[in-house]
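> Just dropping this structure here.
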Amino acid sequence: MYKIKINIGSIIILVLLVACSKKTINKPEPLEAINSASVAFRYKGSSLEEFFQNPSKAYISGYFYFDDTLADDVVFGLDIEWLEGLDNPIHFQGADWMALAGFTRKGVLWFPVGSPVNVTGTPTNTDQWEMRDTGTELRPNSWYKITIEADFEKREFTSVRLEGNGSDILVDISGYALEYPNYVPFDKPALTFYTFALRSKEFAFGNDRETKVFFDDIEGGIVKGSEKQIIFSNGFEHQNKIEEMPIVLPVTALNTIQEDFWYFENENAKITIVSTIKRSGNNAIECNADLKND
């Protein structure tokens, strides 16, 4: 087990776009870091209403794929978050509890850990990470399944599971605190689901390999005992492009956000729905962690 601090900014942040002037430069400097993430929302239904009143365990699972050109330092995976909303929160108005985890192609698990100040209502930058070497290098040109489970009542991780190519690895990370990385101004609570590929310039020095990771067949839901209740299932079959979230300040009405629809999670994200590589159906999603500033 390793600990590492990386200041790559807030990993999951709902970006509120502000118009600003930009100087024209011939050769833009590379980004310091990038998190190419997509996000989808669920907030309707009796099961979710019960969850928002009495948070419990929840999960996200899905499949990822990369080819043999992927850089060793790209971290890719999934995330499930509980947004408390502004109206009658359990803990804090606008709190965002993040259960993000991902792998490198070398089989190293990365997940961010919450700070003690998060549980007193203070959001923090995502710069404290735990690393676990699974001892299994992932094979290119193959689909792997990742499942993340978290206990939102305790605001702690539970486990991460990796399946594929004859491997079935369960990593117990129970007891590690979920991070509260952002104040999110939605009026009502929601569960949100993410795919991501991220990279930091700090670790990409001298490495010019490819940065694309593909995801398909994403599922999420609530864990009740030994049973999983699916509340979200999406294989990127219902839209042909990712769109920006319709954010309005100071408060965004959650009902203006389309459920079961993929949005850009931040303004730098490089994401495309593709049909060339997919696990099932006609489409998958490509998350590109390229640091080029274009």
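> Share of antiparallel DSSP beta bridges in the chain, in percent to the nearest 5? If you can, show how the numbers build up before the last one.
On the way: 87 of 91 bridges.
In the chain, DSSP labels about 95 percent of beta bridges as antiparallel.
> Could you work out the local net charge near A284, counting Lys and Arg as +1, Asp and Glu as -1, over the other residues with Cβ closer than 10 Å to its Cβ? Don't skip to the end; give the middle numbers.
Details: positive: K278, R279; negative: D216, D217, E237, E286.
With Lys, Arg at +1 and Asp, Glu at -1, the neighbours total -2.
> Still on this model: What size of dipole, in debye to the nearest 20, comes out for the range 29-288 about its Cα centre when the only charges are +1 on Lys and Arg C-beta atoms and -1 on Asp and Glu C-beta atoms? Intermediate values should be presented prior to the final figure.
Details: 22 positive and 41 negative charges, 78 e Å.
Here the size comes out at about 380 debye.
> Could you tell me the calculated FRET efficiency between I230 and N88, based on Cβ-Cβ distance and R0 = 45 angstrom, to the nearest 0.05?
Values: r = 26 Å, r/R0 = 0.59.
After rounding to 0.05, the efficiency reads 0.95.
> Can you pull the one-decimal nm distance between simple spin-label points at D68 and T276, each 7 Å off the Cα toward Cβ?
Placing both labels 7 Å along Cα→Cβ, they lie 1.8 nm apart.
> If Lys and Arg each add +1 and Asp and Glu each add -1, what is the summed charge of the other residues whose beta carbon sits under 15 Å from the beta carbon of N255?
Numbers: positive: R42, K44, K188; negative: E49, D87, D187, E259, D260.
Local net charge: -2.
> Label Q53 and E202 with points 7 Å out from Cα along Cα→Cβ: what is the distance between them in nm?
For Q53 paired with E202, the spin-label model returns 4.4 nm.
> Report the extension gain between K106 and E153 in nm, rounded to one decimal, defined as 0.36 nm multiplied by the number of residues separating them, less their alpha carbon distance. If you can, show how the numbers build up before the last one.
Values: separation 47, 0.36 × 47 = 16.92 nm, distance 3.26 nm.
That works out to 13.7 nm of additional length.
> With Cβ to Cβ distances under 12 Å as the rule, what net charge do the other residues near I148 carry (K, R +1; D, E -1)? Kindly include the intermediate steps, with their values, before the conclusion.
Values: positive: K57, K145, R161; negative: D79, E81, E149, D151, E219.
Net charge in that neighbourhood comes out at -2.
> Which whole-Hz ³J(HN,Hα) couplings does the range 54-63 yield from phi under the Karplus relation 6.51 cos²θ - 1.76 cosθ + 1.60, θ = phi - 60°, glycine and proline marked x?
With the stated coefficients, the range 54-63 comes to 9, x, 9, 6, 8, 8, 9, 9, x, 10 Hz.
> Follow-up. Assign one of three labels to the range 151-268, namely rounded, prolate or oblate, based on the Cα gyration tensor with a ≥ b ≥ c the square roots of its eigenvalues; rounded applies when a/c is under 1.5, prolate when it is not and a/b is larger than b/c, and oblate otherwise.
On the way: a/c = 1.40, a/b = 1.09, b/c = 1.29.
It is rounded, given that a/c, with a ≥ b ≥ c, falls under 1.5.
> Quick check of the Kirkwood formula: for the range 29-288, what is the inverse mean of 1/r over all pairs of different Cα atoms, in Å? Provide the component values of the computation, followed by the final result.
Working: mean 1/r = 0.0541 Å⁻¹.
Evaluated over the range 29-288, this radius sits at 18.5 Å.
> Here is a follow-up. If I model a spin label as a point 7 Å beyond the Cα along the Cα-Cβ vector, how far apart are those points for N240 and N293 in nm?
Here the modelled spin labels are 3.4 nm apart.
> HN-Hα J couplings of the range 103-115 from phi, Karplus 6.51/-1.76/1.60, θ = phi - 60°, integer Hz, Gly and Pro as x?
My calculation for the range 103-115 gives 10, 9, 5, 7, x, 8, 7, 10, 8, x, 10, x, 9 Hz in order.
> Of F232, T122, L291, which is farthest along the charge dipole of the chain in the positive direction, counting Lys and Arg as +1 and Asp and Glu as -1 at C-beta?
L291
> Stretched out fully, how many nm does the piece from N255 to E137 gain, at 0.36 nm a residue minus the Cα gap? Intermediate values should be presented prior to the final figure.
On the way: separation 118, 0.36 × 118 = 42.48 nm, distance 4.27 nm.
The N255-E137 span can extend by a further 38.2 nm.
> Mind checking Rg over Rh on the range 216-256, alpha carbons, Kirkwood formula for Rh? Please report the intermediate quantities before stating the final value.
Values: Rg = 14.9 Å, Rh = 13.2 Å.
Radius of gyration over Kirkwood radius for the range 216-256 works out to 1.13.
> Looking at I60, L70, T104, which one has the Cα that reaches farthest to the positive end of the dipole of the chain (charges on Cβ: Lys, Arg +1; Asp, Glu -1)?
Result: L70.
> Same structure again: Using modelled backbone amide H atoms (1.01 Å from N, in-plane), which distant-in-sequence or interchain residues come within less than 5 Å of V274's amide H?
A284, I285, E286
> Just want the ordering: R42, R209, from fewest to most Cβ atoms lying within 10 Å of their own Cβ. Let's see the in-between values first.
Working: R42 19, R209 13.
Ordered by Cβ neighbours within 10 Å, fewest first: R209, R42.
Rule-based calculations on the coordinates, nothing more; no lab input. This structure is a prediction, so every number in the text was calculated from the model and none was measured. When we count neighbours, we look across all protein chains shown, and the Cβ atoms used for this are built from the backbone with ideal geometry, even at glycine.
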